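Enquirer: Sending over a structure as structure tokens; questions will come in a sec.
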Amino acid sequence: MVAIPKQTVEAIYEFHHDTQGGNRPHLGCSIIGKECERYLWLSFRWAAKPDFPGRIIRLFKRGHLEEHAFASELRAIGCDVIMGDDAGKQFGVSWHGGHFSGSVDGIINSGLIEAPNTPHLLEIKTINDRGYKELEKKGLALARPHYYAQCQLYMKGQKLKRCLFLATNKNTDDIYIERIKYEAKAANFYIARARDIIEMSGPPEKRPDDQECTYCDYRKICHGKQMPQSVCRTCAHSTPVIDGFQRWVCEKFECDIDLDVQEAGTCPKHLYIPDLINCYDMVDGADDWVQYRNPLNGYVFKNGDRDKSGEQDIYTSAELAAINPDIQGNAVLNMVREELGGTVTASRPENDRVPF
């Protein structure tokens, strides 16, 4: 067997991994049809930073390429297809002060063989063989309800009554087609659901750790020991506001929070929303601190501004995000922080730690 060097492939994957985007600033129309409301809230609140392997990012990008391929093919058979405005920007839809938004793949103005004079929303997906067969058997609404919700919302936002949904089978290149009627009741339901999610000050109840949780981005936060990101959106002092555009306010500093500040995660006043924390038990709290107990060893500590308080057993959110809960309360760790003035910036992975 010939040995094939993999450095080039690994470099390609690394490129895609390193160029993936961060958290989206809004709750997406593409996910509002998902069953788990806690997932939606955690996504909107940036509980975890997206960190997909490079191969998966490349796969996502391949899906975007399919949009232009389909548009070209539709034009070739006589359809008038537009993918955005004159400046090349995608058409969008938005509600609730821009906190709930989405981008439209395209619009067919005319020329569709099945209904040549009827404008259609154009929604395009790539899907694996199992999902494709499920689409053929059940139809979009039952097989992929979050795609169906997306189509309904985009039709409402673009004031269209029909949608052409196209999906490519990634295994065989077969094409699935379905024409979908606009259902105002469905679209309004998802708009109302989005507002409920946006206005929740804390996360919805978590579901049992079942099959649906297996590949969820937030499984370790809900059912494991992973701490959420210490960014503005996970802070008890921050609130999304419906007026304005994608506006967030900080009650602590009584100001609006710019998007770059939300992403920075450097505020020493950050205070985790207590219901977000799964690995510690809440004991007490006030405006500027929350006290927790580590169930592994009984260690009691506070989350708050360490520099201002002067207390020994108080940790900033950035420190808590970096500390592996297995060692929170360890005597050596406490000594380094308290006597030497150290700050925790990272923990070794569980399989690479040197026991104290």
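The values are calculated or read from the model by the stated rules, or taken from the named source; none is laboratory data. Just so it is clear, the model here is predicted, and its values are computed rather than measured. Glycine also receives a Cβ, built like all others from the backbone with ideal geometry; neighbour counts cover every protein chain displayed. For the accessible areas, the whole protein counts, side chains as well, though only heavy atoms, and no ligand, DNA or RNA atoms are used. Shrake-Rupley method; radii C 1.70, N 1.55, O 1.52, S 1.80 Å.
Enquirer: Points 7 angstrom from Cα along the Cβ direction at Phe189 and Thr118: gap in nanometres?
Expert: Those two pseudo-labels are separated by 2.2 nm.
Enquirer: For His120, His237, His223, His64, what's the largest-to-smallest order of accessible area, 1.4 Å probe?
Expert: Numbers: His120 0, His237 25, His223 60, His64 105 Å².
Heavy-atom accessible area, descending, gives His64, His223, His237, His120.
Enquirer: How far is the Cα center of segment 179-219 from the Cα center of segment 87-115, in Å?
Expert: The distance from the Cα centre of segment 179-219 to that of segment 87-115 comes to 21 Å.
Enquirer: Over the heavy atoms of Asp275, what accessible area does a 1.4 Å probe trace out, to the nearest 10 Å²?
Expert: My reading of the accessible area for Asp275 is about 110 Å².
Enquirer: So if I take the centroid of the Cα atoms in segment 1-66 and the same for segment 123-139, what is the distance between those two points in Å?
Expert: After rounding, the separation between the Cα centres reads 20 Å.
Enquirer: Heavy atoms of the protein only, probe of 1.4 Å, neighbouring chains included. What is the accessible area of Arg247 in Å², nearest 10?
Expert: 70
Enquirer: Probe 1.4 Å, all protein chains in place: accessible area of Tyr147 in Å², nearest 10?
Expert: 40
Enquirer: Could you look at the chain and say what percent of its accessible area is carbon and sulfur, using a 1.4 Å probe and all protein chains?
Expert: On the way: 9900 of 19340 Å².
In the chain, the share of accessible area belonging to carbon and sulfur is 51 percent.
Enquirer: Under the classification rounded if a/c is under 1.5, otherwise prolate if a/b is larger than b/c and oblate if not, where does segment 176-319 fall, given a ≥ b ≥ c as square roots of the Cα gyration tensor eigenvalues?
Expert: Working: a/c = 2.67, a/b = 1.51, b/c = 1.76.
Taking the square roots of the gyration eigenvalues as a ≥ b ≥ c, segment 176-319 is oblate.
Enquirer: Could you give the accessible area per residue of segment 223-292, probe 1.4 Å, as a whole number in Å²? Before the final figure, lay out each step's value.
Expert: Working: 3510 Å² over 70 residues.
Heavy-atom SASA per residue in segment 223-292 reads 50 Å².
Enquirer: Counting only heavy atoms of protein chains, what accessible area per residue, in Å², does segment 68-122 have with a probe of 1.4 Å? The partial results should precede the final answer.
Expert: Details: 2590 Å² over 55 residues.
I get 47 Å² per residue for segment 68-122.
Enquirer: In percent, what relative contact order does segment 11-169 have, based on Cα pairs under 8 Å that are 6 or more apart in sequence? Mind showing how you got there, number by number?
Expert: Details: 227 pairs, mean separation 38.6, N = 159.
For segment 11-169, the relative contact order is 24 percent.
Enquirer: Here's another thing I want to ask about it. Using only DSSP helix segments of four residues or longer, with each worth -39500 (n - 2.57), what per-residue ellipticity at 222 nm results for the chain after dividing by its residue count and rounding to 500? Can you show the working numbers first?
Expert: On the way: 12 runs with 116 residues, N = 356.
Result for the chain: -9500 deg cm²/dmol, rounded to the nearest 500.
Enquirer: Another one. Return the distance in nm (one decimal) between the two label points of a simple spin-label model at Arg55 and Ile242, each offset 7 Å from Cα along Cα→Cβ.
Expert: 4.5
Enquirer: What longest region of the chain stays clear of GluC sites (Glu not before Pro) that DSSP places outside H, G, I, E and B and that have at most 16 other Cβ atoms within 10 Å? Before the final figure, lay out the partial values.
Expert: On the way: sites that count: Glu35, Glu114, Glu183, Glu205, Glu251, Glu254, Glu311, Glu339.
Excluding the exposed sites themselves, the longest stretch runs over 36-113.
Enquirer: Taking a 1.4 Å probe, which of Asp105, Asp209 shows the most accessible area, and what order do the others take after it? Numbers along the way, then the final one.
Expert: Values: Asp105 10, Asp209 80 Å².
I get Asp209, Asp105, largest accessible area first.
Enquirer: Name the residues whose placed amide hydrogens come within less than 5 Å of the amide hydrogen of Gly342, ignoring near sequence neighbours (fewer than 5 apart) on the same chain.
Expert: Arg337
Enquirer: With every protein chain kept in the model, how would you rank Lys225, Lys61, Lys185 by accessible area, 1.4 Å probe, largest at the top? Let's see the in-between values first.
Expert: Numbers: Lys225 100, Lys61 75, Lys185 175 Å².
So the residues, ranked largest to smallest area, are Lys185, Lys225, Lys61.
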